[in-house]
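The values are calculated or read from the model by the stated rules, or taken from the named source; none is laboratory data. All values reported here derive from a predicted model rather than from experimental measurement. Positions of Cβ are generated from backbone atoms using ideal geometry, with glycine treated the same way; all protein chains shown enter the neighbour counts. Ligands, DNA and RNA are stripped out before the accessible areas are found, and what is left, the full protein with its side chains, is counted by its heavy atoms. Shrake-Rupley method; radii C 1.70, N 1.55, O 1.52, S 1.80 Å.
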2 protein chains.
Amino acid sequence: MKIFNIFENIKIDKQKEQFFDLIKNDNVRIEKIVSNGQSSPKGFWYEQKENEFVLLLEGFAILEFEDEEVELEKGDFLNIPAFKKHRVKHTSQQEPTIWLAVFYM
Amino acid sequence: MKIFNIFENIKIDKQKEQFFDLIKNDNVRIEKIVSNGQSSPKGFWYEQKENEFVLLLEGFAILEFEDEEVELEKGDFLNIPAFKKHRVKHTSQQEPTIWLAVFYM
């Protein structure tokens, strides 16, 4: 049985976010995301057909929706329904922000 | 948008493990589990029809399979295929062990 650690091999890349598929099939995709101060491009919204469960494991982030913003700290999680517009407004400049995202139908 | 924290309201219950469904539909169930020294009953094996992605968020545990044992520390994760027999052999006596489990088809 292969064991991995989600906090291993965290690279600090100020240029771009890093995305790792941990699990992927037709029903579900579990993704690890590492942000280092990045945010979504101005005016860009995620609006995917999957629901998304997001858990912030380390760091700090602000998620923006059309009608509100939410601050996320270690351990915070939320469920973003399919087609709900959202974007990453801010991630910590001081430390990597590590996300676990579960996309599901 | 409702935000929760996965490390909030951790009760120390030496009598029984605590299970919380965070997300549940036909394809996926995301569960938070809090163990306080519990292990699976002797001779008991989980053998469910869903695949299970498990991430240990805090604490320490030993998972047992028919042919091996694995030790899990903070941040360790693994994927247990459907129908793979497994049991919790040990969880930390010193601190709560917090698991995130994603059951998926």
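Figures for the structure shown
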read-out	value
Accessible surface buried upon A-B contact (total; probe 1.4 Å; Å², nearest 100)	2900
Label 7 Å beyond Cα on the Cβ vector: B:Asp67 copy-to-copy distances, nm	5.3
Whole-angstrom gap from segment A:57-84 to segment B:50-105, using each part's C-alpha centre	27
Surrounding net charge for B:Asp67, when Lys and Arg each add one and Asp and Glu each subtract one, Cβ distance under 11 Å	-2
Gain on full stretching of the segment that runs from A:Ser39 to A:Phe7 - 0.36 nm per residue minus C-alpha separation	9.4 nm
Gain on full stretching of the segment that runs from B:Met105 to B:Lys14 - 0.36 nm per residue minus C-alpha separation	29.6 nm
Accessible surface, per residue, of chain A when the full set of protein chains is kept, probe 1.4 Å, Å²	52
1.4 Å probe, heavy atoms, protein only - residues of segment B:13-59 losing at least 50 Å² accessible area vs chain alone	B:Ile23, B:Asn27, B:Phe53
Greater than 23 Å apart at Cα, pairs in A:Lys49/B:Lys2; A:Lys74/B:Lys89; A:Lys89/B:Lys32; B:Lys14/B:Lys85	A:Lys74/B:Lys89; A:Lys89/B:Lys32; B:Lys14/B:Lys85
Amide proton proximity set for B:Phe60, modelled H, under 5 Å, gap of 5+	B:Ser92
Carbon + sulfur, % of accessible area of the protein assembly as shown - ligands and nucleic acids excluded, 1.4 Å	48
Three-way shape label, chain A, alpha-carbon gyration tensor, a/c 1.5	oblate
Beta carbon of chain A nearest to the axis of the rotation taking A to B, residue and angstrom distance	A:Asn27, 2
Two-decimal log10 I(q)/I(0) for segment A:1-57, as the Debye equation yields it once each C-alpha is a single scatterer, q = 0.14 Å⁻¹	-0.51
Rg ratio (alpha-carbon, reference 2.2 N^0.38 Å) - the protein assembly as shown	1.04
Nearest-0.05 FRET efficiency for B:Asn25 and A:Gln94, computed from C-beta distance (R0 41 Å)	0.65
Relative contact order of chain A, defined on C-alpha pairs under 8 angstrom at six or more residues apart (%)	34
Once exposed loop trypsin sites (Lys or Arg not before Pro) are cut out (DSSP; at most 16 other Cβ, 10 Å), longest piece of chain B	B:17-41
Nm distances between copies for B:Phe7, ranked from closest, using label points 7 Å along Cα→Cβ	0.9
